[in-house]
Amino acid sequence: MAFLDVYSGFLGFLGFCLACGAMAEAKGLKQKLEAQHLRIAELEQLVGAQSEQETQLE
């Protein structure tokens, strides 16, 4: 039965490693998404300012 204990422990450790990797990947993706949202907000501000300038020129 010692083999089953070692095998079970290995699978538990492997599951833990996979879970940690998935959490790290999710955190990285969340940070990229937040950066994209900030960039979109900046671009929206630039487009708004450009539209305002075009309106003033007309």
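Just so it is clear, none of the values below were taken in a lab; they were calculated from the coordinates. All figures in this text were calculated on a predicted structure; none of them were measured in a lab. Every residue, glycine among them, receives a Cβ derived from its backbone with ideal geometry; neighbour counts consider all protein chains shown.
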Quiz item: Just how large is the dipole of the chain about the Cα centre, in debye to the nearest 20, putting +1 at every Lys and Arg Cβ and -1 at every Asp and Glu Cβ?
Solution: 480 debye
Exercise. Please give the helix 2-57 orientation as an angle from the longest Cα principal axis of the chain, in degrees from 0 to 90, rounded to the nearest 10.
Key: 0 degrees
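Grab the alpha carbons of the chain, take their convex hull, and tell me the volume per residue in Å³.
Numbers: hull volume 1.9 nm³, N = 58.
Each residue corresponds to 34 Å³ of Cα convex hull volume.
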